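The values are calculated or read from the model by the stated rules, or taken from the named source; none is laboratory data. Not measured: the values here are computed from a predicted model. Glycine also receives a Cβ, built like all others from the backbone with ideal geometry; neighbour counts cover every protein chain displayed.
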Amino acid sequence: MSRGVLAVGAYAPANRVPAAAFEDAWGRFEVSGVETTAVPDADEDALTMGVEAARRALSAGGVDGAVLDVLTFATTTPPLAEEDLTPRLGSYLGAPANVAGRTYGGHTRAGVDALLDALDREGEGTALVVAADCPAGEPDDPRERAAGAGAAALLVGPDAPATVVETAAATDPRPGTRFRRAGDDRLDGLDAGRYDRAAFVEPVEATLDGLDTGADVDAVAVQAPDGRLPYRADIDDEAVAAVETVSELGDTAAASVPLGLAHAFEAGHERTLAIGWGSGAGAVAARIEGTAPVEASLSVDRELDYTAYLRRRGDVVGDVPDGGAAHVSVPSWRRSLPSRHRHEAGRCPDCGAVAFPPAGACPDCRSLTDFEPVEPARTGTVEAATVIGEGGAPPEFAALQARQGAFGVAVVAFDAGNEAVSIPVQVVGEAAVGDRVRAVPRRIYVEEGVPRYGLKALPVGD
């Protein structure tokens, strides 16, 4: 088989806000076809969601990050407007230091563009294409009410079970349909009605005209800014409905089509059409034959009311207090990244004990030694736990607490070979002594304008 998709991972935040919550708050809900939208926790963003999807893609493919030759990240909502995020993504995954990093952004077609570029590069070995997004608009804007969140990752390489058999593209300059001003994090648009619809429909239909076989497929994963536009184009409605995610997750921007592909492969569709669209406007279509294994986590854990939703978005929180933070310099933080991103510990070569962090004297034999790196399991058991109540957090965690409320902290025993290592960790949700938890990527806090990331503990089953 030729180069194609080897495996897929998908992830969406567990929070959902129903359309009824917007309708109760505003007296209306103008977004057709959207029943709920996924809402990131206060410590989630495009990078953390991308890591979650990437881990699942590697697991579905039966490989680890060390096999990667290329790592690609596509998003319209990066945590920082300028910084290459692939090194942090690779650190979480244990990718080699010489992995080639590529970034795509600027429009919602970025996820599909990244995938097709990775598929087109013969001889590059194994690539992981990660698309993650969490768009936002003004509270009274329909774009905000459609805005969702999610991520999908596609493992690409030779001898793949799912391959692209043909592609087509079309462009038609139509500015103003969907954009973000420089320095702004909220979506906007001219709301020109017929003009906006044509900016979506005409490029999409032009790509279909460019395919030799048209849209004779079982499923169509098409860009979905809302739940209505995909059905405006001349595409089989049933094929679109078979794999759409916008009704449950909302507008996932660059991750929209990759998430649809994950759904299509999981359902076993052998002929899938992927159509990416970007405002501006342009579209690209790819016809895919075959399926690939999928590991996905798109389940709902909690339903948010409108006030809780606004808190998660940071729209109704006060100022963060100044001073008092336990400052950790960037160089010191950087030296600890293997431990923070992968819980990397160290095994004493003299007695075999496992230490976290892997520095200083051995906790058992007290010898000063060079520890052998060891990576604990991602699941563990809570040994001790408490809760930091509102107002009790250090200043660097005040923003998180204002948006999400009280949070737990715990000491968790993670298996590390024949030993176990106890690691202090912040808890997402609630966990008691004896509970099983898993390590999940989350933003820890922001210092000097730079997000700092690590691992937190999430109860198993959440």
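Data overview
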| item | result |
| --- | --- |
| Within region 62-88, tally of residues that are surrounded by 23 or more Cβ atoms within 10 Å (Cβ to Cβ) and either over 16 Å from the mean Cα position of the chain (by Cα) or farther than 14 Å from residue 130 by Cα (or both) | 1 |
| Region 331-371 - residue that is touching a strand residue (DSSP E or B) at 6+ places or on another chain (Cβ under 7 Å) and loosely packed, with under 14 Cβ neighbours inside 10 Å and, of those, farthest from residue 394 (Cα to Cα) | 349 |
| Hits in region 373-388 - residues which are in contact with a helix residue (DSSP H, G or I) (Cβ under 7 Å, 6 or more places away or on another chain) and buried (at least 18 other Cβ atoms within 10 Å of the Cβ) | none |
| Breaking point among (1) β-branched (Val, Ile, Thr); (2) out of contact with any Leu (no Cβ under 8 Å at 6 or more places or on another chain); (3) touching a residue at least 60 places away in the same chain (Cβ under 8 Å), for residue 386 | (3) |
| Residue that is surrounded by fewer than 18 Cβ atoms within 10 Å (Cβ to Cβ), charged (D, E, K, R) and under 23 Å from the mean Cα position of the chain (by Cα), where the choices are 44, 35, 30 | 35 |
| Residue check for residue 230: closer than 14 Å to residue 197 by Cβ, part of a helix (DSSP H, G or I) and in contact with a helix residue (DSSP H, G or I) (Cβ under 7 Å, 6 or more places away or on another chain) | yes |
| Flag for residue 160 being without any contact (Cβ under 8 Å) to a residue 40 or more places away in the chain and either over 24 Å from residue 244 (Cβ atoms) or not assigned by TED's automatic domain parsing to the domain that holds residue 254 (or both) | no |
| Options 403, 442; residue that is among the basic types (Lys, Arg), within 30 Å of residue 12 (Cβ to Cβ) and buried (at least 20 other Cβ atoms within 10 Å of the Cβ) | 442 |
| Some residue of region 194-211 being within 30 Å of residue 288 (Cβ to Cβ), in contact with a strand residue (DSSP E or B) (Cβ under 8 Å, 6 or more places away or on another chain) and exposed (fewer than 15 other Cβ atoms within 10 Å of the Cβ) | yes |
| Some residue of region 89-98 being within 24 Å of residue 279 (Cβ to Cβ), of a type outside the set (Lys, Arg) and either surrounded by 23 or more Cβ atoms within 10 Å (Cβ to Cβ) or outside the structural domain of residue 256 (by TED's automatic domain parsing) (or both) | no |
| Close pairs from region 334-355: first in the same structural domain as residue 423 (by TED's automatic domain parsing), partner outside any strand (DSSP E or B) and β-branched (Val, Ile, Thr), Cβ under 7 Å, at least 6 apart | 348/369; 349/369; 350/369 |
| Residue match in region 126-135 (condition: farther than 17 Å from residue 5 by Cβ and among the hydrophobic types (A, V, I, L, M, F, W, C)) | yes |
| Matching residues in region 8-43 - criterion: being touching a Lys or Arg at 6+ places or on another chain (Cβ under 9 Å), assigned to a strand (DSSP E or B) and either of a type outside the set (Ser, Thr, Tyr) or over 17 Å from residue 314 (Cβ atoms) (or both) | 8, 9, 10, 11, 15, 16, 17, 36, 38, 39 |
| Restricting region 395-450 to residues that are part of a loop (DSSP other than H, G, I, E, B) and among the charged types (D, E, K, R), the residue that is modelled with the highest pLDDT | 435 |
